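Written out below as structure tokens is the structure these notes cover.
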Amino acid sequence: MTMKKLLVLVLLAANCTGYAQNAISVIHALLDEGKNAEAFEMIAKYGKKNKGKAFWHIETDNILRKQGRLEERPPLLSKALEVKKLDNRESVVLALAGAYSDLYQFRKADSVLALLPQNKTVQNRRSALRMANMLYGHPADVSFRELENTNTVYDNIWPFADNSGDMLLFTVAEGKSTPFAAASKIRERIYVAHKTDSAWGPANRLPADGDYNIGAACIGADGKYVFFTLCDSHKGCRIMYAPITSGNKIGEASELPGSGNFRWQSCPALSPASDELFFSAIDKRGKNKRDIYRLRIFDDGNGNLRFSEAERLPFPINTGADETAPFLNPYGNRLYFASDRIGGMGGMDIYYCERDSAGNWGKASNMGFPVNTWADESGFTVNADASCGYLSSQTAGGKYTPNKRIYAVRLPESHSIGNCFETKDSLFTLQEILFDINDSRLQAASLPLLDELARYLAAHPSYRIIINGHCDDSGNEERNAILSRHRAESVRNYLKSKGISEERMICKGFGSSRPAVSGDDEAARRQNRRIEVEIVR
């Protein structure tokens, strides 16, 4: 497309409603094609005609931000504020404060906001700047490694590390190699990569055809089902699930029940035991904001799934800001998610909340700098022992890339599952060691936690453990006493297979004589079918 033709398009657009947006679309098309000089020549010419329009200066600022040209933004906006007849000066001042904030110059940003009337919005922003400055001044002990062999030339988003730690599912926005690609050019597809000899290999696209987007996939620890998001022009975005049959083939997909209650659904995440599903959604009855929901999953015994009604998670997980991309760690007690709430580093930040044994959620903690930056971070997931995370980012480690890349993130010890054993009391319940009714066989979802317990015991060879098995109140007590001991022995035998000496482990069975909670419904009985471990240090 020649420059002359582009100017003709702009002039034609000027005679139509929304002419400025049409001009911006042309500029975005040039930027997507890599024709930066032509695009900025058009920005300069059009900017002269619109120097009194705040929207034009802010749009130009947004273009520089998307290109990672942060140093150029404050001079641009400062010059705009020199225009005497600027129609919306406050919006440009707010943009200037944001430009300084993105450069981590929080005091300059605060001095800019001090010039505005101190209404609630401005006061909240200044408070957020103080929090961001604190996070920036106390960086987290993390390191980043790009999955160079795995990332594609497009946006790589929503990583999911499976239970084995050797497979990574993620979504590729095919056609989006720059931030300026038109939505009509983009199709989201699921890719899979495998790890061999501690290195991630190239990703392969899973078969998919049709005029729709598909992505944000996760697989249960038992490997029985895959959940994913499907978006089309008929029903919008909704969560689907499908069985994984022999040969790792995916069976016929079904829509998650209750999808009709939401305008939008995405980002499914299964609990380690595959008995809970977390996801992000926009309620039809509420504001146009994403919230995180949870529902319970039940197996009817014939391989079919049943689902409870979805519940919106409480504060401090949901706040009225956008919350999305949940992920429950392998221990089942920490939920990671993304939010653009006040008090972060800017845009979407990664947060986490702890869940206690009663199911109550603690405070939301920001992952801090440099996990969170001025750009959007989302799609955070961790491996089986939570020592390593995977993150989709444009700015990981301070390196800007035009398209989102997936990084491996070495996490502090405070996020490791082994740390949970160290900080708990001597006697504690392994919440994710689960058994079916009248069965002592370990479920596949139990193995990641037992693997971590084995590693913990191997690292502390002087420690011994007492394994206590418990049953619910169904069945007679004599049978329960035997069954509970068999459950404890199943745990011991698995740890023995991982190299832990049998002499370091004592097994006991208490039947149903020591229930964890009262009640005779399935929820109570599930909690009472448990394993407790006492560490003798």
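The values are calculated or read from the model by the stated rules, or taken from the named source; none is laboratory data. Values in this document were obtained by computation on a predicted structure and should not be read as measured data. Please note: Cβ atoms are built from the backbone with ideal geometry, for glycine as well, and neighbour counts cover all protein chains shown. We work out accessible area using only protein heavy atoms, side chains counted, and drop any ligands, DNA or RNA first. Shrake-Rupley method; radii C 1.70, N 1.55, O 1.52, S 1.80 Å.
Please go through segment 425-440 and pick out each residue that is loosely packed, with under 15 Cβ neighbours inside 10 Å and in contact with a Lys or Arg (Cβ under 9 Å, 6 or more places away or on another chain).
Ser426, Asp436, Ile437, Asn438, Asp439
Mind listing whichever residues of segment 431-446 are in a loop (DSSP other than H, G, I, E, B) and either at pLDDT below 75 or more than 21 Å from Asn528 (Cβ to Cβ) (or both)?
Selection gives Gln431, Glu432, Leu434, Phe435, Asp436, Ile437.
From Ala128, Ala140, Ala132, Ala109, grab the single residue that is touching a Gly at 6+ places or on another chain (Cβ under 6 Å), of a type outside the set (Asp, Glu), in a helix (DSSP H, G or I) and more than 30 Å from Ile214 (Cα to Cα).
Ala128
Looking at segment 396-413, can you tell me whether even one residue there is modelled with pLDDT under 90, closer than 30 Å to Arg485 by Cα and open to solvent by less than 50 Å² (accessible area, probe 1.4 Å)?
No: zero hits.
Limited to segment 230-281, what total is found for residues that are out of contact with any Cys (no Cβ under 9 Å at 6 or more places or on another chain), under 20 Å from Ile317 (Cβ atoms) and among the polar types (S, T, N, Q)?
2
Looking only at segment 108-135, count how many residues are of a type in the set (D, E, K, R), over 28 Å from the mean Cα position of the chain (by Cα) and modelled with pLDDT under 95.
Number satisfying all stated conditions: 1.
Please go through segment 136-158 and pick out each residue that is at pLDDT below 95 and open to solvent by less than 20 Å² (accessible area, probe 1.4 Å).
Answer for segment 136-158, where residues must be at pLDDT below 95 and open to solvent by less than 20 Å² (accessible area, probe 1.4 Å): just Leu147.
Give segment 302-325 a look and list any residue that's open to solvent by less than 70 Å² (accessible area, probe 1.4 Å), under 20 Å from Ala253 (Cβ atoms) and outside any loop (DSSP other than H, G, I, E, B), or say none.
Leu305, Phe307
I need the full set of residues from segment 104-133 which are within 17 Å of Arg73 (Cα to Cα) and open to solvent by 30 Å² or more (accessible area, probe 1.4 Å), in order please.
Tyr104, Gln105, Arg107, Lys108, Asp110, Ser111
Could you pull out every one of the strands (runs of 3 or more DSSP E) wholly within segment 447-537 that has 3 or more residues that are open to solvent by 20 Å² or more (accessible area, probe 1.4 Å)?
Here the list reads 505-509, 531-536.
Tell me which residues, restricted to segment 335-350, are free of Cβ contacts under 8 Å to residues at least 60 places away in the same chain and open to solvent by 10 Å² or more (accessible area, probe 1.4 Å).
Selection gives Asp340, Arg341, Gly347, Met348.
Among (1) in contact with a helix residue (DSSP H, G or I) (Cβ under 8 Å, 6 or more places away or on another chain); (2) outside any helix (DSSP H, G or I); (3) modelled with pLDDT of 90 or more, which single condition is Cys16 missing?
Answer for Cys16: the failing condition is (3).
Give, as residue ranges, the strands (runs of 3 or more DSSP E) completely inside segment 195-301 that count at least 3 residues that are open to solvent by 30 Å² or more (accessible area, probe 1.4 Å) and touching a Gly at 6+ places or on another chain (Cβ under 8 Å).
It comes to 236-245.
Restricting attention to segment 436-460, which residues are among the hydrophobic types (A, V, I, L, M, F, W, C) and out of contact with any helix residue (DSSP H, G or I) (no Cβ under 6 Å at 6 or more places or on another chain)?
Ile437, Ala444, Ala445, Leu447, Leu449, Leu453, Leu457, Ala458, Ala459
Which condition from (1) of a type in the set (Phe, Trp, Tyr); (2) more than 22 Å from Ala132 (Cα to Cα); (3) crowded, with 21+ Cβ neighbours inside 10 Å is the one that Tyr100 breaks?
It fails just one condition, (2).
Identify, by number, the condition in (1) farther than 20 Å from Lys53 by Cβ; (2) part of a helix (DSSP H, G or I) that Tyr104 doesn't meet.
That leaves (2) as the condition not met.
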